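The values are calculated or read from the model by the stated rules, or taken from the named source; none is laboratory data. On a predicted model such as this, the values are computed, not experimentally measured, just so you know. Using ideal geometry, Cβ is built from the backbone for each residue, glycine included, and neighbour counts are taken over all protein chains shown. For the accessible areas, the whole protein counts, side chains as well, though only heavy atoms, and no ligand, DNA or RNA atoms are used. Shrake-Rupley method; radii C 1.70, N 1.55, O 1.52, S 1.80 Å.
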Amino acid sequence: MLKNVLEGIPIPTFVVDKNHVVTHWNRACESLTGKMSVEMVGTKDHPKAFYDTQSYSIADLMLDNVLSKTIQKHGNWIYKKSSTMPGAYETEIFCRHLGINGKWLYGSAVLLKDETGNINGAIETWQDLTESKQLERQLIQSQKMEVLGTLAGGISHDFNNILSMIIGYADLAIFNLQEDASLRNNIKPILSAARRGKELVKQVLTYSHKAEIKTEPLRIRSLVEETLELFSISLPPDITINKIMRSNAMVMADPSHIHQIIMNLCTNALHAMKDTGGILSVGLDDIRVDENQVSHEICLIPGEFVRLTVADTGHGIPTAIQDKILTPFFSTKKRGEGTGMGLSMTHGIVQQYNGIIIFDSEPGNGTRFYVYLPQYIDHRN
């Protein structure tokens, strides 16, 4: 009877007896873990289906009377008494071996007792929290970027004025010291450094949405091909470019911004392959996003978009830092090889145009960036 009831429950659920032996394993458990009922029932292997680093499930800990406090740490995880189910304990764990990139799970368990209060076993349930965790990370990232943008915008305007004074006086000093070559050579590095500083300020202002932008209808394909032509000149012999241009659509944007997006993504891709060589794939597609496709990843207003894809066959992005790579000044490059602003700049620019940037990466299997930009439709034609 219990087996029939469990099979009708869409939430991954299993039952163990007081000896920790699995007696029931429903289809939802099979779907989540890939472990079939026939291989689990009669064994004590249920922890292996969920945990990476410990050998006890919530049910096991409760049967052994390990959990007794309101909040308690055991192994790598924190357990607490459920506020909605009397006598139950719950936890959240990250299972690296489930799915392609792992899954966040919420688990809870409660003891099974007979009429006299004797413990016969425990029942444990699990829910997939991966999507809600991704949404939570995106919200935190968005709030963090907004705060940093406001701060960066305020500081950058004042700093820009200071640099303008340095450049002005340095130019004037050089003009007045034309006959004194030694002093001129001392002032030139100051002027050069100040101009690099102004360029960095310009990037920060763009990131913070404070810079003035001049938009116009652009055929993005032309800019992509122009950038790739420049890249091909300086490519090492062990890196090749694969172009897949399927779109001739237009976007409303500042040409320098689109050029910057392409340059940043291609530069990152080349850096990922500098030691091993590989293939840089760049593509353009016309994509229609409808209401059914909008999800936690494709957070767009339904409509027509141009999708720019930049993919490499390099080392990939470690899972542990994937939620940091769009953060300003975060960089995996060696000191002196980058400012950590490239991807955050790209993210800021794309957001200005009501687009999104997402990526897919797996260590050892390369990285694929996707930029969605709204198409410009000329209604006069």
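Among 283-289, 13-19, how do they line up from the highest to the lowest mean number of other beta-carbon atoms within 10 Å? Mind showing how you got there, number by number?
On the way: 283-289: 16.7, 13-19: 19.1.
Top to bottom by mean Cβ count within 10 Å: 13-19, 283-289.
How would Glu229, Glu199 line up by accessible area, probe 1.4 Å, largest first? Before the final figure, lay out the partial values.
Working: Glu229 125, Glu199 95 Å².
Ranked list, largest accessible area first: Glu229, Glu199.
If packing is taken as the average count of other Cβ atoms within 10 Å, what order do 245-253, 114-122 fall into, highest mean first? Could the numbers behind the result be given before it?
Details: 245-253: 17.9, 114-122: 11.6.
Result, highest mean first: 245-253, 114-122.
Using the structure shown, list the pairs from Lys35/Lys73; Lys48/Lys103; Lys48/Lys69; Lys18/Lys113 with a Cα-Cα distance above 20 Å, or answer none.
Correct reply: Lys35/Lys73; Lys48/Lys69.
Tally Lys/Arg at +1 and Asp/Glu at -1 over every other residue whose Cβ is under 15 Å from the Cβ of Lys18; what's the total? Could the numbers behind the result be given before it?
Numbers: positive: Lys44, Lys113; negative: Asp17, Asp60, Asp64, Asp114, Glu124.
After counting each charged neighbour, the total is -3.
Roughly how many Å² is the accessible area per residue of the range 1-135, as a whole number, for a 1.4 Å probe? Write out the running numbers ahead of the final one.
Working: 7450 Å² over 135 residues.
The answer is 55 Å² per residue.
What does the charge count around Gly107 come to, taking other residues whose C-beta lies under 9 Å from its C-beta (Lys +1, Arg +1, Asp -1, Glu -1)? Before the final figure, lay out the partial values.
On the way: positive: none; negative: Glu90, Glu92, Glu124.
Local net charge: -3.
Any chance you could look up the accessible area of Tyr370 with a 1.4 Å probe, heavy atoms only, rounded to 10 Å²?
That residue has around 50 Å² of solvent-accessible surface.
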